[in-house]
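The block underneath contains the structure these notes are about, expressed in structure tokens.
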Amino acid sequence: MTNLQTTPASFGFHMPAEWEPHTQCWMGWPERGDNWRDAAVHAQSVFARVASAISRFERVTVCASSAQWENARSQLPDHIRVIEISCNDSWFRDTGPTFVVMRNTSNSGGSDHRIAGIDWSFNSWGGLEEGCYTDWSLDNLVAKKVLEIEGIPRFSHSMVLEGGSIHVDGEGTCLTTEECLLNKNRNPHLSKNQIEDELKAYLGVRKVIWLPRGLYGDDDTNGHIDNMCCFVRPGVVLLSWTDDEIDPQYERCTEAYSLLSSVTDANGRKFEIIKLHVPDPLYMTEKESAGVLQVDEAKARLPGTRLAASYVNFYIANGAIIVPQFGDKKWDDEAVQVLSKTFPSHEVVGIEGAREIVLAGGNIHCITQQQPAI
Ligand code: KQY
């Protein structure tokens, strides 16, 4: 495997937008019983449905541990590739590589490659004290293994960063949150300016837009952007929204709205902001909590915890939007409608039972990683 020593942008690489064509989607396979209730059986069937839905539009590779490989294989259709990669958990948005591409080969800086992967450092969303589990050594190897399998060169970075904490428009703008990227449990030695410089050098962006906070209750990730706001196309964003002034989510939405209204993107465009209403508040039940092994090595999953549920956490496949559905008829339907209008040339596919993923702290975007086509 080629390990590249300089930065992606200096070679002419940049991270493409998620709506640009993909060659495949990478996913993990849930198994740890101290994060996924009932030994992950319910989550596995939702992962299988997400993988199957995506596989109607692009190739999918699911990575399972040796202990789970046969089980994963038996639950997934034959056309989905199932390979063995051991992981501590199954969030490929955060542990998989961030792919970057080079579209203009005249600016190749001497590299023969047109695609590469960034292998960020991962610390389980906050390290030993504040992270989700205490051993993330296998997760930290996922990006490297994926790139090795695909024969794609790797840019390694010592900065702690998860893919769910960034969104790009593919034309020079990155969206992120201060709550996550400036959190002292990630890169306490780096200033905001230094982090911006790294994002520019690695993602090939020219402007970073910092929302103050992510979704209310998104404590596992310290407010990842991918639950709060995403690009639809350059200059247009979808923002998680509520009109309920007594919901603590309201303050976060309005603060993000004001910020987005006051800035322009890397190309000087003002943002069009489309509101995507969150489901009515969801809480972990006694039964759900009792199904999770409560151990010292992993974050406790307690009854009554507000779940970080948002429809912004969807995946853009080639020609489709794969969106979570929470069993909240009113807002589930509204989300499908808003997304259908927002992405008129995509088929919107709702995944029922996404609550199972939210119970473990993320959603469809968090469990997927697109590999761009070149
Ligand atoms: O938001 C994401 N990208 C991942 C969520 C991970 C939650 C871990 N328990």
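The values are calculated or read from the model by the stated rules, or taken from the named source; none is laboratory data. Here the structure is a predicted model, which is why all the values come from computation and not from measurement. Every residue, glycine as well, gets a Cβ built from its backbone with ideal geometry; the counts of neighbours run over all protein chains shown. For the accessible areas, the whole protein counts, side chains as well, though only heavy atoms, and no ligand, DNA or RNA atoms are used. Shrake-Rupley method; radii C 1.70, N 1.55, O 1.52, S 1.80 Å.
With 22 Å as the limit on Cα-Cα distance, the pairs of LYS184/LYS299; LYS145/LYS200; LYS275/LYS341 that go past it are LYS145/LYS200.
Using mean Cβ contacts within 10 Å as the protection proxy, how do 74-84, 36-46 order, highest first?
Numbers: 74-84: 14.9, 36-46: 20.0.
Highest mean packing first, the order is 36-46, 74-84.
Pick from ASN183, ASN140, ASN318 the residue whose mean-square fluctuation is largest in a GNM of the chain, springs joining Cα atoms under 10 Å. Highest fluctuation of the listed residues: ASN183.
I'd like the FRET efficiency for GLU251 and GLU70, computed as 1/(1 + (r/R0)^6) with the beta carbon distance as r and R0 of 35 Å, rounded to 0.05. Intermediate results must be reported in sequence, preceding the final value.
Working: r = 48 Å, r/R0 = 1.36.
Once the sixth-power term is evaluated, E becomes 0.15.
The residue among SER65, ASN187, PHE155 whose Cα reaches farthest toward the positive pole of the charge dipole of the chain, with charges on the beta-carbon of Lys, Arg, Asp and Glu, is PHE155.
Model label points for LYS270 and GLN337, set 7 angstrom from Cα along the Cα-to-Cβ axis, are 2.8 nm apart. Based on alpha-carbon centroids, what's the gap between the stretch 203-244 and the stretch 1-32 in Å, whole number please? So the two Cα centres are separated by 20 Å. For the chain, the spread of Cα positions along the three principal axes, ordered from largest to smallest, is 58, 48, 43 Å.
Of the residues ALA116, TRP36, PHE92, the one whose Cα sits farthest towards the positive end of the charge dipole of the stretch 26-126 is ALA116 (charges of +1 on Lys and Arg Cβ, -1 on Asp and Glu Cβ, taken about the Cα centre). Magnitude of the charge dipole for the chain, about its Cα centre and with charges confined to Cβ atoms of Lys, Arg (+1) and Asp, Glu (-1), is about 980 debye. Does the stretch 1-80 come out rounded, prolate or oblate, given a ≥ b ≥ c as the square roots of the eigenvalues of its C-alpha gyration tensor, rounded meaning a/c under 1.5 and, failing that, prolate meaning a/b above b/c? In terms of gyration-tensor shape, prolate. A 1.4 Å probe, protein heavy atoms only, puts the accessible area of TYR216 near 80 Å².
Using a 1.4 angstrom probe with every protein chain in place, what is the largest-first accessible-area order of ASP197, ASP119? Spell out each step's value before the answer.
Working: ASP197 90, ASP119 15 Å².
If we order ASP197, ASP119 from most to least accessible, we get ASP197, ASP119.
Where is the GNM fluctuation largest for the chain (alpha-carbon springs, 10 angstrom cutoff): GLY204, GLY163, GLY291? Judging by the Gaussian network model, the answer is GLY291.
Once you have a ≥ b ≥ c as the square roots of the Cα gyration tensor eigenvalues for the stretch 149-195, tell me rounded if a/c is under 1.5, and otherwise prolate or oblate according to whether a/b is larger than b/c. Taking the square roots of the gyration eigenvalues as a ≥ b ≥ c, the stretch 149-195 is oblate. Remark: the stretch 222-374 carries a charge dipole of roughly 400 debye about the Cα centre, counting +1 on each Lys and Arg Cβ and -1 on each Asp and Glu Cβ. Structure remark: mean-square fluctuation, Gaussian network model of the chain, C-alpha springs under 10 Å; the largest value among MET284, MET228, MET27 belongs to MET284. For SER289, the shell of other residues with beta-carbons less than 10 Å away shows a net charge of +1, using +1 for Lys and Arg and -1 for Asp and Glu.
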